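S.K.: Quick one: the structure is below, and I'll ask about it shortly.
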Amino acid sequence: MLEERVRFTEGEAAANLRTVLELCAAGEITCGRKTGLPLASGIHVVETHLVDGDFYEDDPIAAFAWPLLLQAGGLARVEGIQLQLTPSGQAALTEPAADVIRRLWQSWLTDGVIDEFSRIEEIQGPEQALTDVTPRRKVVAAALATCRLGKWVDVDALFERMQRDGLDPTIALNYKLVGDLYLVDPYYGGLGDDDWELLEGRYTLAVLFEYAATLGLIDVDYVHPDGAREDYRDNWGGDDLDALSRYDGLVAISLNALGAYALGLSDTYERPLTSHNR
């Protein structure tokens, strides 16, 4: 049986925000000059300074996300290969963390540096087959806003709710192009209209785990991704994969007070004294 871990993220996200801002001020985070993506050395620096470490030791999630979130929010920009604070980033060091995090989430929804679907490397295919990412992110945010404050919801139950309520972060431009997305082999491994959990579902997990959880908007119950989900096994080539994505281990989420504030569900933020048990 896979070992589950529950993390309450509000406090660590606030601490990590200040940490990554200070690392930028010191010029210690490196990113690609053209892509803006954190380099291996930059990821390592962030990873070693996260207050409770990354979600997994063997695959960066929060350490990958933080440099991108700062860029999307206009708090840092790449100069050479160093991520440097902007004037807004300098000002953020003295602002309440919750206010900065709220702006970072809203900025990510419209100006995210990457398409999160690109992080699901086992699914391949041409970028031209994909929909615009901004509407997809907003659908996931809308789905997250349906969660009750402090109540745990299994991700499969969230998937069912999204499909029932038409909250569909559609990945392929049309049904013909779905087949251009594939596992392992483009001829045999093409995906289909009935692969919602593999396409829209995995995209949803990526946004929630890598960005919402990193920013402290949701508490998470998770296991190691290898063997965590079986929904791709019947697809051609699926038996050769230990996991479809690094996000497969996300079991359940709970919208917390910081998440409600960032989503605009509450006008003020006050960190609770106790966490809601899983």
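S.K.: In angstroms, what radius of gyration and Dmax does segment 1-79 have, counting Cα atoms only?
M.R.: Here Rg and the maximum Cα pair distance are 12.9, 46 Å.
S.K.: Still on this structure, please answer the following. Mind pulling the per residue volume of the convex hull built on the Cα atoms of segment 1-150? Å³ is fine.
M.R.: 145 Å³
S.K.: Continuing with this model, one more query. How far, in degrees from 0 to 90, does helix 97-111 lean away from the longest principal axis of the Cα atoms of the chain, to the nearest 10?
M.R.: 40 degrees
S.K.: With axes computed from alpha carbons, what is the tilt in degrees of helix 40-49 against the longest principal axis of the chain, rounded to the nearest 10 within 0 to 90?
M.R.: For 40-49 against the chain, the angle is about 60 degrees.
S.K.: Note the listed values [x] 0.98; [y] 1.30; [z] 1.14, then indicate which one is Cα Rg over 2.2 N^0.38 Å calculated from this particular structure.
M.R.: Looking at Cα Rg over 2.2 N^0.38 Å for this model, the match is [x].
S.K.: Here's another thing I want to ask about it. Only Cα pairs under 8 Å and at least 6 apart count here; give the relative contact order of the chain as a rounded whole percent.
M.R.: Relative contact order for the chain comes out at 24 percent.
S.K.: How far is helix 133-145 tilted off the main Cα axis of the chain, in degrees rounded to 10, range 0 to 90?
M.R.: Once rounded, the angle reads 80 degrees.
S.K.: Hey, which aspartates and glutamates would be in cross-link range of residue 176, C-alpha to C-alpha under 14 Å, not counting anything within fewer than 8 residues on its own chain?
M.R.: 193, 194, 195
S.K.: So how strong a dipole does the chain carry about its Cα centre when Lys and Arg Cβ are +1 and Asp and Glu Cβ are -1, to the nearest 20 debye? Display every interim value, and only then the final one.
M.R.: Values: 23 positive and 47 negative charges, 256 e Å.
Roughly 1220 debye, rounded to the nearest 20.
S.K.: Same structure again: Which distance in nm do the two modelled labels at residue 175 and residue 28 give, with both placed 7 Å along the Cα-to-Cβ direction?
M.R.: Modelled inter-label distance: 5.4 nm.
S.K.: Follow-up. Give me the lysines in straight-line cross-link reach of residue 151: C-alpha distance below 28 Å, same-chain residues under 8 apart excluded.
M.R.: Of all the lysines, those that pass the test against residue 151 - Cα under 28 Å, at least 8 places apart if same chain - are 138.
S.K.: For 254, 107, what's the fewest-to-most ordering of other Cβ within 10 Å of each Cβ? Write down the numbers at each step before the final one.
M.R.: Values: 254 23, 107 17.
Final ranking by Cβ density, sparse to dense: 107, 254.
S.K.: How high is the relative contact order of segment 1-132? Use alpha-carbon pairs under 8 Å, at least six apart in sequence, and give a whole percent.
M.R.: 24 percent
FYI, it's all coordinate maths here, none of it is from the lab. Being a predicted model, the structure only gives us computed values, none of them experimental. So basically every Cβ, Gly included, is an ideal-geometry build from the backbone, and we count neighbours across all protein chains shown.
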